[in-house]
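The values are calculated or read from the model by the stated rules, or taken from the named source; none is laboratory data. No experiment lies behind these values; they were computed from the predicted model shown. Cβ atoms come from the backbone with ideal geometry, glycine included; neighbour counts cover every protein chain shown. Each accessible area value is taken on the protein alone, full model and side chains, heavy atoms only, with ligands, DNA and RNA left out. Shrake-Rupley method; radii C 1.70, N 1.55, O 1.52, S 1.80 Å.
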Number of protein chains: 2
Amino acid sequence: LLNENIDEFRRLFLDLHPYDQAKFYVKQEQDIRLRMYHYLSPKEMAAIFEQLKIEEQKYKIYLKEMDPTFAAQMLSYMYTDDAVDILNELDKSDVANYLTIMGDEAAKEIKDLLHYKEYTAGSIMTTEYIALHANETVQSAMQILKREALHAETIYYLYVIDEDKRLVGVLSLRDLLVSDDDTMICDIMNERVVFALVDEDQEEVARKMSDYDLLAIPVVDSAKHLLGIITVDDIVDVIAEEASDDYSKLAGVTDMDSGDKNPFSAAKKRLPWLVILLFLGMMTASLIGRFEQTLEKVSILAVFIPLIAGMSGNTGTQALAVAVRSLATGDFEQEGKWKLIVREAGTGLITGTTCGVLITLIVYLWKHDIFLGLLVGFSLLATLTVATVAGALVPLIMYRLKVDPAVASGPFITTINDIISIFIYFGLATIFMNYLL
Amino acid sequence: LLNENIDEFRRLFLDLHPYDQAKFYVKQEQDIRLRMYHYLSPKEMAAIFEQLKIEEQKYKIYLKEMDPTFAAQMLSYMYTDDAVDILNELDKSDVANYLTIMGDEAAKEIKDLLHYKEYTAGSIMTTEYIALHANETVQSAMQILKREALHAETIYYLYVIDEDKRLVGVLSLRDLLVSDDDTMICDIMNERVVFALVDEDQEEVARKMSDYDLLAIPVVDSAKHLLGIITVDDIVDVIAEEASDDYSKLAGVTDMDSGDKNPFSAAKKRLPWLVILLFLGMMTASLIGRFEQTLEKVSILAVFIPLIAGMSGNTGTQALAVAVRSLATGDFEQEGKWKLIVREAGTGLITGTTCGVLITLIVYLWKHDIFLGLLVGFSLLATLTVATVAGALVPLIMYRLKVDPAVASGPFITTINDIISIFIYFGLATIFMNYLL
């Protein structure tokens, strides 16, 4: 494949889409990668690195194997947002080193972006946008466009700024194309610009872009100075990331990475949760231990423990999922917390009554003991209602306290609900013991 | 607000972004909506309907309140993909009716699209694209572009076709802008086009577009005839939808809609799962019932039921989530099923051993009974290993059998694992009974 013939390799390789080039690159062993750095220019490697989707620590390895000058040049050829993403994974001293080697101009742009906090609009924006002034004509705008087209990350939205670099309008390339040459920009621009604030959460920005079907959104500071733009391809990544984040939490897997190729690293990610849950599970065990006398007298009670605990876990997970989604999509803000809680309580009562009546009948038919049936039925009713409310309440409280809602993950809620349900079930059983004997 | 003054309303309202217009529209009562149909033209309503994100059955209500001719005109003004989405929600007779009222041309385009199966590329594509021929010059292409710019859904990718409408290349508007007027299209077009087949799954298409960072993708039939395009805004919706789909399955909520405003409709969506799980839970109960003798002799066994069942449920959910994700992201195809299963078995053994040793120690310290500790520890080890494999295996089997993997949702796996773990725990307890007495 990658033999001594440089020209042949370059011809075949550079004909590929950068995404396919990147796929090829990550599959190679180090010796082949080293050869690639010699065969390709920093600019060509930059196109590959813009497409890389790899584990964060790998960037460090790849950059270390390159000649520092080559690496610095490559970084300066990349769109600034992508270069910043990579630099964020490196050691501070290496970053400083690369920035020194690069040209001053590129280094400055990157330095500015490195300051923004992770997960904000600032951290994912790029500075390669096209800005026009309001008093230009369509013709002169087209000239600017042709000149800058190759460097800008998108040329399909053009932003209009005043002398102070304040954002005053936006127009699409489509608007420009269908207008006459001597039309003024200010006459065709749209002054109602949808923008993102530089410290806005990236999830918020993603929602805005998807609501308004934007291909790019301008990022401004509080005085409306244009700082950069975010393009839709970055947003697609954000949406996928955030969704998979909620999903991991529900499953109780920290930092889910299906790319774990060995069981040790997979176990390492899952064990923290499992050990915490083991200790929570011990609470359930010691709770039942307190009811050992009840159990010894009526050992049949044990038969329904997994059913009641399991059902409360299931319904809690359902309520949790709905609450987390409505926090994520912003529906919650519209509705308010009380409405959500009242609705969940209602839902819990309805599902609890249905399941409670059902199980009372089943137990009666199975064991011919109406009191046992009623005990299991009422426990299920109470348990499902409480568990549904708990499933909705915990993420809301986390959200209020601005605690990381990862604490409210699925298994956690399930285990909490186990404890609640055991308490209700054995509590009722102990109180009505006489009827069961 | 919306008083008798039409002009004032139109001035203020039409100044809004269509997304905000749509938000306003859905908040109104019927009488206001009826007035809006009089104040606005079918074309203006079309812009609103393209932005609507509402429950499917509402489209029917809204269209029914319009004059049929108005509704038909509105549909013909919409991008065909959006019109088709709405028509798919209506009764067959109404669809036929609207298509008859519409012009022949619009009706034909829509009819063609209505044939495609849901969730395929065909069902979300639109026919408003710009196609060029290879032997045109840049200048004539720009003429075509300016003429068609207002009707096309995107003008930023231009597709090049031969006499038979077969796709032969693609170029971006950027390529066109930076080229000289008399360059031939065939000299600047890219012949390596990333395309979607018309019957390809929309999730697959979404992945392709996000991998290659495309703003639009051409849709072709098996002979490479260009049929339509899919734009990135539709794909953003698909990604969000698919992710929330996986999420709902994990939570055991059918068709999660956080917009449910009353507990009855929420309960209706959750009850089917809960009732199925209730019956599965009865299997656990009857399984324990079979071990009643064991339980009567050693009632302390009941204390650890929720812990063992709960832990097996948790680990199963983790494995399930990882497997479902790796099916969704396509990582799985690269890796193969055996590797995944072997890795999960390994992960289960490691987590099982860790938790097993821990619980043996805890139980020994608590109850000073080493046999009880060993029983619980070994049960946990066996249970976690089996549960982890089961969590990964079930979605893979569903996938193989092409059964809807919704059956493999989180609560289902959890309940299956409850049964397995109870069986292992009580099985071991019964065998080693003598040591426990």
- Query: Is it the case that the stretch A:264-282 has a residue that's over 30 Å from A:Phe423 (Cβ atoms), open to solvent by 40 Å² or more (accessible area, probe 1.4 Å) and in contact with an Asp or Glu (Cβ under 8 Å, 6 or more places away or on another chain)?
  - Reply: yes
- Item | Residues that are buried (at least 19 other Cβ atoms within 10 Å of the Cβ) and either without any contact (Cβ under 8 Å) to a residue 24 or more places away in the chain or in contact with a strand residue (DSSP E or B) (Cβ under 8 Å, 6 or more places away or on another chain) (or both), drawn from the stretch B:150-160 | B:Glu153, B:Thr154, B:Tyr156, B:Tyr157, B:Leu158, B:Tyr159, B:Val160
- Item | Leading residue by the ranking (surrounded by the fewest Cβ atoms within 10 Å (Cβ to Cβ)) among those in the stretch A:166-188 that are of a type outside the set (A, V, I, L, M, F, W, C) and touching a Lys or Arg at 6+ places or on another chain (Cβ under 9 Å) | A:Arg166
- Item | Residues located in the stretch A:414-430, provided they are in contact (Cβ under 8 Å) with a residue 12 or more places away in the chain and either open to solvent by less than 30 Å² (accessible area, probe 1.4 Å) or of a type in the set (S, T, N, Q) (or both) | A:Thr414, A:Thr415, A:Asn417, A:Asp418, A:Ser421, A:Ile422, A:Tyr425, A:Phe426, A:Ala429, A:Thr430
- Note on the structure: Flagged pairs (Cβ under 7 angstrom, 6 or more apart or on separate chains; first in the stretch B:29-41, exposed (fewer than 13 other Cβ atoms within 10 Å of the Cβ); second not acidic (Asp, Glu)) are none
- Message: Looking only at the stretch A:217-237, filter to residues that are touching a strand residue (DSSP E or B) at 6+ places or on another chain (Cβ under 9 Å) and among the β-branched types (Val, Ile, Thr); which one of those is nearest to the other protein chains (Cβ to nearest Cβ)?
- Response: A:Val232
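Please enumerate the residues belonging to the stretch A:190-208 that are at the interface with chain B (Cβ under 8 Å from one of its Cβ atoms) and hydrophobic (A, V, I, L, M, F, W, C).
Hit for the stretch A:190-208 is A:Val194, nothing else.
To keep it simple, each residue is scored yes or no on (1) assigned to a strand (DSSP E or B); (2) outside the structural domain of A:Asp164 (by TED's automatic domain parsing); (3) in contact (Cβ under 8 Å) with a residue 60 or more places away in the chain.
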position: A:Cys186; (1), (2), (3): no, no, no
position: A:Arg192; (1), (2), (3): no, no, no
position: A:Glu203; (1), (2), (3): no, no, yes
position: A:Ala206; (1), (2), (3): no, no, no
position: A:Met209; (1), (2), (3): no, no, no
position: A:Leu214; (1), (2), (3): no, no, no
position: A:Pro218; (1), (2), (3): yes, no, yes
position: A:Ile235; (1), (2), (3): no, no, no
position: A:Leu250; (1), (2), (3): no, yes, yes
- Query: Out of the stretch A:283-313, which residues are closer than 20 Å to B:Ile420 by Cα and free of Cβ contacts under 8 Å to residues at least 12 places away in the same chain?
  - Reply: A:Ala285, A:Ala302, A:Val303, A:Pro306, A:Gly310
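In the stretch B:10-60, what residues are within 14 Å of chain A (Cβ to nearest Cβ) and out of contact with any helix residue (DSSP H, G or I) (no Cβ under 9 Å at 6 or more places or on another chain)?
Those that are within 14 Å of chain A (Cβ to nearest Cβ) and out of contact with any helix residue (DSSP H, G or I) (no Cβ under 9 Å at 6 or more places or on another chain): B:Arg11, B:Leu12, B:Asp15, B:Lys27, B:Glu55.
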- Go through (1) in contact with a helix residue (DSSP H, G or I) (Cβ under 8 Å, 6 or more places away or on another chain); (2) open to solvent by 20 Å² or more (accessible area, probe 1.4 Å) one by one and return the number of the condition A:Val232 breaks. (2)
- Going through the stretch B:99-125 one residue at a time, which ones are charged (D, E, K, R) and more than 20 Å from B:Glu241 (Cβ to Cβ)? B:Asp104, B:Glu105, B:Lys108, B:Glu109, B:Lys111, B:Asp112
- Checked the stretch A:305-326 for anything more than 7 Å from chain B (Cβ to nearest Cβ) and open to solvent by 10 Å² or more (accessible area, probe 1.4 Å); matches are A:Val324
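Suppose we filter B:Lys108, B:Lys92, B:Lys60 for residues that are within 30 Å of the chain's Cα centre (by Cα), closer than 21 Å to B:Leu34 by Cα and modelled with pLDDT under 90; which single one remains?
Matching residue, one of B:Lys108, B:Lys92, B:Lys60: B:Lys60.
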- Task: Tell me, yes or no, whether the stretch B:363-370 has at least one residue that is at the interface with chain A (Cβ under 9 Å from one of its Cβ atoms), open to solvent by 10 Å² or more (accessible area, probe 1.4 Å) and touching a residue at least 40 places away in the same chain (Cβ under 8 Å).
- Result: yes
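Residues checked against (1) assigned by TED's automatic domain parsing to the domain that holds B:Ile229; (2) of a type outside the set (Phe, Trp, Tyr); (3) loosely packed, with under 12 Cβ neighbours inside 10 Å; (4) under 22 Å from B:Asp237 (Cβ atoms):
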site: B:Gln51; (1), (2), (3), (4): no, yes, no, yes
site: B:Lys60; (1), (2), (3), (4): no, yes, no, yes
site: B:Thr69; (1), (2), (3), (4): no, yes, no, no
site: B:Asp82; (1), (2), (3), (4): no, yes, no, yes
site: B:Leu90; (1), (2), (3), (4): no, yes, no, yes
site: B:Glu105; (1), (2), (3), (4): no, yes, yes, no
site: B:Ile110; (1), (2), (3), (4): no, yes, no, yes
- Item | Residue tally, condition within 14 Å of chain A (Cβ to nearest Cβ) and open to solvent by 30 Å² or more (accessible area, probe 1.4 Å), over the stretch B:117-128 | 1
- Test: residue in the stretch A:342-362 that is of a type outside the set (Asp, Glu) and on the phi > 0 side of the Ramachandran plot: no
- Take B:Tyr129 and decide whether it is at pLDDT 90 or above and in a strand (DSSP E or B). no
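Kindly evaluate B:Arg147 against the criterion of being open to solvent by 40 Å² or more (accessible area, probe 1.4 Å), assigned to a loop (DSSP other than H, G, I, E, B) and within 14 Å of chain A (Cβ to nearest Cβ).
Against the criterion (open to solvent by 40 Å² or more (accessible area, probe 1.4 Å), assigned to a loop (DSSP other than H, G, I, E, B) and within 14 Å of chain A (Cβ to nearest Cβ)), B:Arg147 does not qualify.
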- Task: Please give the number of the condition A:Glu292 fails out of (1) open to solvent by 20 Å² or more (accessible area, probe 1.4 Å); (2) at the interface with chain B (Cβ under 7 Å from one of its Cβ atoms); (3) touching a helix residue (DSSP H, G or I) at 6+ places or on another chain (Cβ under 6 Å).
- Result: (3)
